[in-house]
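Remarks on the structure that follows.
The values are calculated or read from the model by the stated rules, or taken from the named source; none is laboratory data. Quantities reported herein were computed from a predicted structural model and do not represent experimental measurements. Heads up, the Cβs are rebuilt from the backbone with ideal geometry, glycines too, and the neighbour counts pull from every protein chain shown.
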Amino acid sequence: MPKVLVLYYSTYGHVEAMAYAVAEGARSAGATVDVKRVPETVPEDVARASHFKLDQAAPVATIDELVHYDAIIVGAGTRFGRISSQLASFLDQAGGLWMKGALHGKVGGAFTSSATQHGGQETTLFSIITNLLHFGMVIVGLPYSFQGQMKIDEVTGGAPYGATTVAGGDGSRQPSKNELAGARQQGELIAQTAKKLFG
């Protein structure tokens, strides 16, 4: 049974919701799944004044525990077409694991959220994927077997590189049923891939 980590950073809760959908999909494939978040780097008074969602239930991850998983699925909101500084700071601390090749051959995937449909979702996914490739991980995206990403009758996220959601300019739009389905399917695919590789 593969061990899967869903690792995320979420400012307002959109990526958090996607993370739990990814985890649900991975569990449906028989994986043992932990959902953890990276540390917040914004001072608490600033975060509260900016209405950050600070009541997230997921425990904070540490770099050293990454080696204990067969698959790591990473999510963060888009910041000017790339990953958030919080996630970047966390991954930047993994130099020791990189030096040892500790993550080589593990399965990886990415998911994200942006304010608009064209707000850098795909470049953010590639920003995450680039990190995972440097760690020597095997990448699984969200293939077109998930037909929901082809919808044109509603606003929807989703790309062959990973599950996504559109939050709206004011953050009021929550992940849709279709976007959550994409996240679940990606989680399931990654768990199935880890099971094939690790038994």
Check: Does the range 31-50 hold any residues that are closer than 27 Å to SER176 by Cβ and out of contact with any Pro (no Cβ under 6 Å at 6 or more places or on another chain), and which are they?
Finding: VAL33, ASP34, VAL35, ARG37, VAL38, GLU40, ALA47, SER50
Margin query: It is to be established whether one or more residues within the range 40-56 are under 14 Å from the mean Cα position of the chain (by Cα), surrounded by fewer than 24 Cβ atoms within 10 Å (Cβ to Cβ) and either outside any helix (DSSP H, G or I) or without any contact (Cβ under 8 Å) to a residue 24 or more places away in the chain (or both).
Written below: no
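Can you tell me which residue within the range 133-152, out of those that are within 30 Å of GLY101 (Cα to Cα) and in contact with a strand residue (DSSP E or B) (Cβ under 7 Å, 6 or more places away or on another chain), is surrounded by the fewest Cβ atoms within 10 Å (Cβ to Cβ)? So that I can check it myself, show each step before the final result.
First, pick out the residues of the range 133-152 that are within 30 Å of GLY101 (Cα to Cα): 133-143.
With in contact with a strand residue (DSSP E or B) (Cβ under 7 Å, 6 or more places away or on another chain) added as a condition, the list becomes 133, 137-142.
Details: LEU133: 13, MET137: 20, VAL138: 17, ILE139: 18, VAL140: 21, GLY141: 19, LEU142: 27.
Among those residues, the one meeting the criterion is LEU133.
Among the residues of the range 83-113, which ones are part of a strand (DSSP E or B) and either more than 13 Å from the chain's Cα centre (by Cα) or over 15 Å from ALA159 (Cβ atoms) (or both)? Outline the logic, then answer.
First, the residues of the range 83-113 that are part of a strand (DSSP E or B): 83, 107-113.
Hits for the range 83-113 are ILE83, VAL107, GLY108.
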Checklist line | Residue satisfying condition, being in a loop (DSSP other than H, G, I, E, B), out of contact with any Phe, Trp or Tyr (no Cβ under 8 Å at 6 or more places or on another chain), at negative phi and surrounded by fewer than 23 Cβ atoms within 10 Å (Cβ to Cβ), within set THR156, THR123, THR130 | finding: THR156
Next item on the list: Considering only residues that are farther than 11 Å from HIS134 by Cα and among the aromatic types (Phe, Trp, Tyr), look in the range 79-106 and name the one that is surrounded by the fewest Cβ atoms within 10 Å (Cβ to Cβ).
Entry: PHE80
Next item on the list: Please identify the pairs in which a residue from the range 147-169 that is more than 20 Å from THR130 (Cα to Cα) and at pLDDT 95 or above has its Cβ atom under 7 Å from the Cβ atom of a residue that is loosely packed, with under 12 Cβ neighbours inside 10 Å and among the polar types (S, T, N, Q), counting only partners at least 6 apart or on another chain.
Entry: VAL166/GLN117
Checklist line | Subset of the range 1-44 [more than 26 Å from LEU197 (Cα to Cα), of a type in the set (Asp, Glu) and in contact with a helix residue (DSSP H, G or I) (Cβ under 9 Å, 6 or more places away or on another chain)] | finding: GLU40
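What do you reckon, is GLY182 touching a Phe, Trp or Tyr at 6+ places or on another chain (Cβ under 8 Å) and assigned to a helix (DSSP H, G or I)? Working first, answer last.
Values: touching a Phe, Trp or Tyr at 6+ places or on another chain (Cβ under 8 Å): yes; assigned to a helix (DSSP H, G or I): yes.
Answer is yes for this residue.
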